[in-house]
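Heads up: the structure comes next, in structure tokens.
The values are calculated or read from the model by the stated rules, or taken from the named source; none is laboratory data. On a predicted model such as this, the values are computed, not experimentally measured, just so you know. Note that we place each Cβ from the backbone using ideal geometry, even for glycine, and neighbour counts take in every protein chain shown. These area figures cover heavy atoms from the full protein model, side chains too; ligands, DNA and RNA do not enter into them. Shrake-Rupley method; radii C 1.70, N 1.55, O 1.52, S 1.80 Å.
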Amino acid sequence: MEAEDMENSIAPPWVELPPDITSSILQKVGPIEMLKSADKVCSTWRRLCHEPAMWRVVKMQNAGADFWDREDDLEKICGRAVECSNGELVDLSLEYFGSDKLLSYIAERSPQLKHLRLVCSYNVSAEGLSAAVKKFPLLEELHLFYIAITKEAIETIGSSCRGLKSFKLNNQICRHPYSERDEEAKAIAQNMPELHHLQLLGNKMTNGGLEAILNGCPQLESLDLRRCLTVNLLGEVGKRYFRQFKSLRPPQDPAEDYGPDTEMHDYGSFDEDYELSDGSNYSDDDEMLFE
């Protein structure tokens, strides 16, 4: 008997499961295992693993002992996930990997993206992020954790994503926690008038930056200023802050529930005192799916 005939005559028991249950199981497996293992189990699973609806939400994390060795592999898998989504991707989260090249690949193929979360994507530059967001006109949430960013990038985000409702820009404070800089806060105030939720953990703004946000973002419902140690909430600006918001987190509030690592590290600050990756660590002969 042909091998193919044997396979068809002895179907594995999981093939009999309703498609919605099988899809739910596969989604719990996660995108990495779906594309590395699950889609090779049988033809039914392969078909479901490549359905665009399975890839409307993609959340990938680089973790484990082979952290650095996995980064290129994860970018290829992420590229395949975006390809499988066939333009239906709406929610993307990348942790501890990512590059300008990958972000550009995603931007070219994900016009419906509404939620983007980047955590410690050290090879994503301000320029690369700026170029990508121009192709995300429907973006509603942009959450950035320890990402290199500039005032100009914030301006581009605001002008390109007019419907942005939630913005998180979070950096560690380390060697110079009391240095002052309002340019990021003012760029937000001038370019993101429709924001409802803003988190700026560890920002170096002063009361001037806070006042600009209060004036420029009238739709704000929540403002998280934890570890913004150069903001003083004792004066008139402080009164406005406590009066204006339904949900607020002042600078001295604890950050244990923050999510990503909130410890203070000497290497964790993204400001002018540190050299940042330009996202160009790939050579021309790299074999990437998204070339």
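Using a cut-off of 25 Å between Cα atoms, the listed pairs K134/K246; K59/K186; K165/K246; K76/K134; K114/K168 include K134/K246; K59/K186 as exceeding that distance.
Rounded, prolate or oblate for region 114-248? Axes are the square roots of the Cα gyration tensor eigenvalues, ordered a ≥ b ≥ c, and the cut-off for rounded is a/c under 1.5. Verdict is oblate for region 114-248.
For region 136-209, the dipole from Cβ point charges (+1 on Lys and Arg, -1 on Asp and Glu) about the Cα centre works out to 160 debye, to the nearest 20. Kindly report the accessible area of region 102-213 per residue (heavy atoms of protein chains, probe 1.4 Å, no ligands, DNA or RNA), in Å². Result: 35 Å² per residue. Pop out the carbon and sulfur fraction of the accessible area of region 157-253 as a percent, whole number, probe 1.4 Å. In region 157-253, the share of accessible area belonging to carbon and sulfur is 46 percent. Counting every pair of alpha carbons in region 90-168, the share spaced more than 21 Å apart comes to 11 percent.
Distance between the C-alpha centers of region 89-116 and region 213-249? Whole Å please. Centre-to-centre (Cα) distance: 31 Å.
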